[in-house]
Structures are given as C-alpha cells and as structure tokens.
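Visitor: One structure, as structure tokens, below. Some questions next.
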Amino acid sequence: SQTIHQWPATLVQPVGSPLSLECTVEGTSNPNLYWYRQAAGRGLQLLFYSVGIGQISSEVPQNLSASRPQDRQFILSSKKLLLSDSGFYLCAWVKDSDEQFFGPGTRLTVL
Amino acid sequence: QKEVEQNSGPLSVPEGAIASLNCTYSDRGSQSFFWYRQYSGKSPELIMSIYSNGDKEDGRFTAQLNKASQYVSLLIRDSQPSDSATYLCAVKGGGFKTIFGAGTRLFVKA
C-alpha cells in the first residue's frame, strides 16, 4: 500500500530564516505531487504541483519554491520566511485516479 | 476563477440524526467530486468520491451529485460525536488541479 511522509511535523522559525520541508511517497511510482497551505480556519491553497522529476508548476507567486529531485520526493523551500508564511503545509499525491491523498502535514509558525 | 462554495457552519446536529452538507461549484466542466473529513489539527482524509449524477452510498455516508445544478452534497446518517469535524468539498476538472472549498464545520451533540 501507499504511504506518504512529511517532516518535520512542527516547526517554529524566525522571520527571514530559510525553510525546507520534505515529502516522500512510498509504494507507488511516478505520482503527481502537490503542496498546499492551509491558514488557520481557512481552505486549502494550492502552492505547487509536479507531474514528474524536475517538473514544477507554481500556482501562487510568493517567496516559496518547490523541487522534485527524485520521483517520490517533493521539497518546499524558502530563502527568507515571512510572517504570512505561517500555516499548515500539506503534501498530497495522486496516481491513476483523481483521488488525492494527504500526508500528515507540517505546522509552521513564523515568529 | 473556478470556485467551490460551502457554508462554513457550524452545523450542529444531535447524535443519531442525519447531517446534510452542501457544496456548489462554478466550473461546468468539472468531472470528479470528492468529500474529505478533517479533524482539528490533522490532515484531510478522503471519505467519498463521486463521478456521475445520482447517489453513491458507502456505509453511513451518501454522496449526491447534480451536474445540471452544479451541486454536490454529503449525507451522514446516524451521526456520531466522532463525526464532528470539518468536511471539505473538492472538485476536479480535466487538468491536474483540484479545487477545495473552505469546509463546513460539523458538531454532533451527544
């Protein structure tokens, strides 16, 4: 069966510091991968998606970037965090069907 | 802009009652429809998918789709306190993106 991992689970970072969040999927190959952000009490905002290694589509212009160095690895990064980057970051995968399955998420607080 | 609208709630129902959650969407080309459950502090969990008009039942859950009215709903029968969560409606067209609603908070009172 497929499993999706995210780490770290929680993170507290100062404004202006860098960020690296990692997502890995097990038990499947060539999945479509997605990064979402959910602000407190809000819906899911799609940040990036990837249909293959090195292929990244950006949905929202901001100070975040994404990379897919391996088939089942998706990384979200920032060079300098803003207060508005606080939120719950979710990675999701899709394979064959349209159904998206989410990882456990990373809760980021920027102080 | 493609949108998915949900009443934010909270929707409060007594234990054992039927909870009815509703969702409308703007893109007539949408093909796939989903309901996710999200407990506080946790990630969304897929509970139902529906692709054609009509009803689809899975245990206590029934999803209903009406493409002509651009409307999808979720019924939860015999609601339990453990059903208390935020329910997200999601809609996908022909591309790679799925659009999520902001969710409806459901409280089931014991």
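Read-outs throughout are calculated quantities, based only on the coordinates presented, and are distinct from any laboratory measurement. It should be emphasised that the depicted structure is a prediction, and the values quoted were computed from it without experimental measurement. Virtual Cβ from ideal backbone geometry, glycine too; neighbours counted across all protein chains shown.
Visitor: Using the Cβ atoms and a cut-off under 9 Å, what net charge is assigned to the surroundings of A:PHE88, where Lys and Arg are +1 and Asp and Glu are -1? Can you show the working numbers first?
Guide: Working: positive: A:ARG37, A:ARG107; negative: none.
Value of the local net charge: +2.
Visitor: Now, a different point. State whether the stretch B:1-98 is rounded, prolate or oblate according to the following rule on the C-alpha gyration tensor (a ≥ b ≥ c being the square roots of its eigenvalues): a/c under 1.5 gives rounded; otherwise a/b larger than b/c gives prolate, and the remaining case gives oblate.
Guide: Working: a/c = 1.90, a/b = 1.55, b/c = 1.23.
Because a/c hits 1.5 or more and a/b exceeds b/c, the stretch B:1-98 counts as prolate.
Visitor: How do A:ARG107, A:ARG72 line up, fewest other C-beta atoms within 10 Å first? Don't skip to the answer; put the middle values down first.
Guide: On the way: A:ARG107 16, A:ARG72 20.
Result, fewest neighbours first: A:ARG107, A:ARG72.
Visitor: Using the Karplus curve 6.51 cos²θ - 1.76 cosθ + 1.60 with θ = phi - 60°, work out ³J(HN,Hα) for each residue of the stretch B:25-37 in order, rounded to whole Hz, and write x for Gly and Pro.
Guide: 9, 9, 8, 5, x, 4, 10, 10, 9, 9, 10, 10, 10
Visitor: Straight-line reach from B:LYS97: which lysines fall under 29 Å, measuring Cα to Cα and dropping same-chain residues less than 8 apart?
Guide: A:LYS79, A:LYS80, A:LYS95, B:LYS2, B:LYS42, B:LYS56, B:LYS67
Visitor: Still on this model: Place +1 on the Cβ of every Lys and Arg and -1 on the Cβ of every Asp and Glu in the protein assembly as shown, take the dipole about the Cα centre, and give the residue among B:VAL72, B:SER30, B:GLY41 whose Cα lies farthest towards its positive end.
Guide: Checked the options; the winner is B:GLY41.
Visitor: Pull out a ≥ b ≥ c, the square roots of the eigenvalues of the alpha-carbon gyration tensor of the protein assembly as shown, then state rounded if a/c is under 1.5, prolate if not and a/b is larger than b/c, and oblate in the remaining case.
Guide: Working: a/c = 1.91, a/b = 1.48, b/c = 1.29.
Prolate, because a/c is 1.5 or more and a/b exceeds b/c.
Visitor: Still on this structure, please answer the following. Between the DSSP loop rule and a limit of at most 14 other Cβ atoms within 10 Å, which GluC sites (Glu not before Pro) in the stretch A:3-102 are left? If you can, show how the numbers build up before the last one.
Guide: Details: sites: A:GLU22, A:GLU26, A:GLU59, A:GLU99; in loops: A:GLU59, A:GLU99.
Here the sparse-neighbourhood loop sites are A:GLU59.
Visitor: Below 8 Å between Cα atoms, with a sequence gap of 6+, how large is the relative contact order for chain B in percent? Mind dumping the intermediate values first?
Guide: Numbers: 279 pairs, mean separation 42.0, N = 110.
About 38 percent, as a whole number.
Visitor: Mind checking the dipole of the stretch B:56-96: about its Cα centre, +1 per Lys or Arg Cβ, -1 per Asp or Glu Cβ, Debye to the nearest 20? Working shown, then result.
Guide: Details: 5 positive and 4 negative charges, 40 e Å.
Dipole magnitude for the stretch B:56-96 comes out near 200 debye.
Visitor: Please rank A:TRP93, A:TRP7, fewest neighbouring Cβ atoms within 10 Å first, as an exposure proxy. Working shown, then result.
Guide: Numbers: A:TRP93 23, A:TRP7 13.
The order, fewest Cβ neighbours first, is A:TRP7, A:TRP93.
Visitor: What list do you get for B:VAL72, A:VAL94, A:VAL15 if you sort them by fewest beta carbons within 10 Å? Walk me through the intermediate numbers first.
Guide: Values: B:VAL72 26, A:VAL94 19, A:VAL15 12.
Taking fewest neighbouring Cβ atoms as first place, the list is A:VAL15, A:VAL94, B:VAL72.
Visitor: Here is a follow-up. Using 7 Å Cα-to-Cβ label points, what is the B:ALA110/A:ASP71 separation (nm, one decimal)?
Guide: Once both label points are built, they end up 4.8 nm from each other.
Visitor: So if I place +1 on the C-beta of Lys and Arg and -1 on the C-beta of Asp and Glu, and nothing else carries charge, what would the dipole magnitude of chain A be about its Cα centre? I want it in debye, nearest 20. Don't skip to the answer; put the middle values down first.
Guide: Details: 8 positive and 8 negative charges, 79 e Å.
Using only the charged Cβ atoms, the result is roughly 380 debye.
Visitor: Below 8 Å between Cα atoms, with a sequence gap of 6+, how large is the relative contact order for chain A in percent? Present the calculation step by step, with values, prior to reporting the outcome.
Guide: On the way: 276 pairs, mean separation 40.1, N = 111.
Reported as a whole number, the value is 36 percent.
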